[in-house]
Amino acid sequence: MTSPSSAGPASGAAKSAGGIDWLFLVAVLAIAAALARVIYYTPFEAVQGPAQKIFYLHLPAALDAFMAFGVVAISGIAYLWLGDLRLDRAAESSAEVGVVFTTVVLVTGPLWARPVWGTWWTWDARLTLTLFLWFIYVGYLVLRGAIDDRALRARYSAILGILGSLLIPFIHLSVYLFRTLHPRPIVIKPSAPSLPPEMLTTLAISFVAFTLFYLALVRQRYRLATERDLLELEEGR
Amino acid sequence: MITAQGLSRRFGGRTAVHDVTFSLAAGDVLAIFGPNGAGKTTLLRMLAGLLKPSEGTGSVAGVTLPGGAELRAAIGYISHASMLYGALSARENIELAAKLFGVRDPRGRSTRALERMELHDRADTPVRLLSRGMQQRVSIARATVHDPLVVLLDEPFTGLDDSGSAALGAHLAMLRATGTTLVLVTHSIAEGLALATHAAIMRNGALVRLEKGEAIDPATYLTVYREHVTHGA
Amino acid sequence: MAPSTLSAAFLIARKDLAIEFRTRTAFFSAAVFALLGIVIFYFAWDPTAVASIDLAPGVLWAIFTFSGLLGLQRSFGIEQADRAIDALLGAPITRESIYLGKAMANLVFVAAVQVIAIPAVQLFYGVPLLENAALLALIALLAAIGLVAVGTLFSAMAVNTKLAEMLLPVLSLPFFVPVVIPAAQATARLIAGRPGSEIVGWLKLLVAFDIVFVAACTLAFPFTIEE
């Protein structure tokens, strides 16, 4: 009575129980290295000063947060097509890690805004979109928590993931149109295009580090999901 | 009329129905007995085209399972839930079913169905105000208004008192008399055997015993049933 | 001959509306809720600091989503009782027709609540909504379609979960945002007498949302009930 989806746990559990999670270790080291680079080896930005350095955490986290949702949506489509529960476990893992990354963006955003622009929240278009991404993630996780039936949970989550990914461009458009018609007196965020090379390098290093960390966390979470599903199968749920 | 070959259905890791094989001709009545959780409802829902089989093949009224609209058009499905809209009257519930099944002259057919089930004097009362026994009659009328070739019944005797059970038994005998093939899942061995041409016992998803009517001795069947169910013979 | 998708959808829509008309509880609850909300919001602001004409569009469309949710909750609730949904699923009709029928009934429900809410906002906030009745009706219709498209699908899902009533708002509200923003912005410009060119952009956004989500939800619906 073994199916492909239950062949995973044995090998996965052995790896994490017996050996070291190398990916996780590498990811943590990468983040440490990126932080060191941000703090010590990257020049200050002329106008904003030290606070601007939060940007090197803020932007990569944002990119990975949205990418994580892309993984949720694509895994969802693939699950509806193929019916393999492994795809749903991948979606579930990416969603939980994604919501954490989104929270990081929503925390670093105000931390950056306050010293530079004087207020905690500015309804900046991209940050607002990230706020809605957070709400969509939360809805997704609440939905998962509210369904006991394994197959139903996977199917409904896939639907919500796909619809959520369709929603993002509409929210972006609505908020963008709203903002261009309601110009803020505050100078809008400085963006990437005119960054000098050292800053771009720091940004790239930081992005790689955060993405490695995302992958390591998702893999851990995926193993947890696989073991939990196996346990539920054995309990006859 | 109905064939099943190795029908199985799994939910996650749990096998609800395992390797069920049988065959019924038009006009046969199969009574399926078994304890709770034996997989009887799951089997019935597969035959109704509401659930896809995980393994095996089957056909109902010439349509291969799971079938689609074509299969559903030939089947009437009755369960212990009434499947009625409480706020609507018996007539409205039956007419809605008639229209959804694309029946010609839905109003006329509904009226005749109401008369057959002796419901004409309460036809326009909201269904939630009717007794359980009457609701069951409305359910049967609703499920048969399109003259299905096969009627599947999931524990229809549940919640009925003696007179209600007797009335239901009579109505099912009437159905049988019209040549409809019936599959009846029930806990009630006496009522089931009274109608059946074939009797089966299900346990843990498998059909452990199947026999034709003539061979069944109602007096001893209860003992046989208990043996299978408690001792797993 | 089994009915076509559209015929079956109309049958189901009529059935839902007949049931609602008999009991009327959901409609009255939603209408009274809307009125209460409209009134309460009036007192939530300092009238000397914020003119009610500025407040009105936002209140109208925010209340629209909350009162709409009350009606949407019921949509699949009536199918759960006594497993009436099994009777629909057992009929030789397409699954999409079930979604479309219920969405149409929900549309009528939401429109009926708006018929009460819009004059109420005009009355309590003193804004000339009804002078632009045709254009306002268009905004309301487009907004209602968007609301109902997503809300009907989520209602079908929520009813099968452990937290049905709580889940529906949590899932739906983010999806109502691209409906509320254009509707409120278009309404504000309408009552301020702005030229049509300023309103058309918002209407296009609503139309795009409606097309995308009616299509996506119709396609997604069979997955919510297949087994």
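Once the Cβ-Cβ distance of residue C:18 and residue C:165 is raised to the sixth power relative to R0 = 22 Å, the FRET efficiency obtained is 0.35. Could you pull out the chymotrypsin sites (Phe, Trp or Tyr not before Pro) across region A:110-165 that fall in loop regions by DSSP (anything but H, G, I, E, B) with no more than 14 other Cβ atoms inside 10 Å? Passing both the DSSP loop test and the Cβ count: A:120, A:121, A:123. Summed over qualifying helices (DSSP H, 4 residues or more, each -39500 (n - 2.57)) and divided by its residue number, chain A shows a 222 nm mean residue ellipticity of -27500 deg cm²/dmol. Relative to the longest principal axis of the Cα atoms of chain C, the long axis of helix C:5-23 lies at roughly 70 degrees.
Centre-to-centre, using Cα atoms only, region B:133-161 and region B:83-125 are separated by 13 Å. For region C:1-97, applying the loop criterion from DSSP together with a ceiling of 12 other beta carbons within 10 Å to the trypsin sites (Lys or Arg not before Pro) yields C:24.
Let me check against my output: what whole-number percent is the relative contact order of chain C, with C-alpha pairs under 8 Å and at least 6 apart?
Dividing the mean separation by the residue count of chain C yields 27 percent.
Helix C:95-125 sits at what angle to the longest principal axis of chain C, using alpha carbons and giving 0 to 90 degrees rounded to 10? Its long axis makes an angle of about 20 degrees.
Taking label positions 7 Å along the Cα-Cβ direction at both residue B:178 and residue B:220, the computed distance is 3.7 nm, reported to one decimal. Taking the helices alone, chain B has a mean residue ellipticity at 222 nm of -10000 deg cm²/dmol, built from -39,500 (n - 2.57) per DSSP H run of at least 4 residues and averaged over all its residues. Each part gets one Cα centre, and for region B:169-233 versus region C:14-80 those centres are 54 Å apart. Mind giving me the FRET efficiency for residue B:187 and residue A:39? R0 is 56 Å, r the Cβ-Cβ distance, nearest 0.05 is fine. That gives a FRET efficiency of 0.15. Of all the options C:97, C:75, C:52, the one that moves most in a Gaussian network model of chain C with Cα springs shorter than 10 angstrom is C:52.
Inter-part distance, region A:56-129 to region B:22-46, computed on C-alpha centroids, equals 50 Å. Helix C:196-225 sits at what angle to the longest principal axis of chain C, using alpha carbons and giving 0 to 90 degrees rounded to 10? Helix C:196-225 sits roughly 20 degrees off the main axis of chain C. Taking label points 7 Å from Cα along the Cα-to-Cβ direction, residue B:227 and residue A:180 give a separation of 8.3 nm. Would you mind checking which residues have amide H under 5 Å from residue B:203's amide H? H placed 1.01 Å from N; only 5 or more apart, or other chain. Hits under the 5 Å cutoff: B:208.
Among the GluC sites (Glu not before Pro) within region C:66-144, not one is in coil by DSSP while having at most 10 neighbouring Cβ atoms inside 10 Å.
Computed from the Cβ-Cβ distance with R0 of 41 Å, the FRET efficiency linking residue B:121 to residue C:83 stands at 0.95.
Where a number appears in this text, it was derived from the coordinates with a stated rule and is not lab data. On a predicted model such as this, the values are computed, not experimentally measured, just so you know. Every residue, glycine among them, receives a Cβ derived from its backbone with ideal geometry; neighbour counts consider all protein chains shown.
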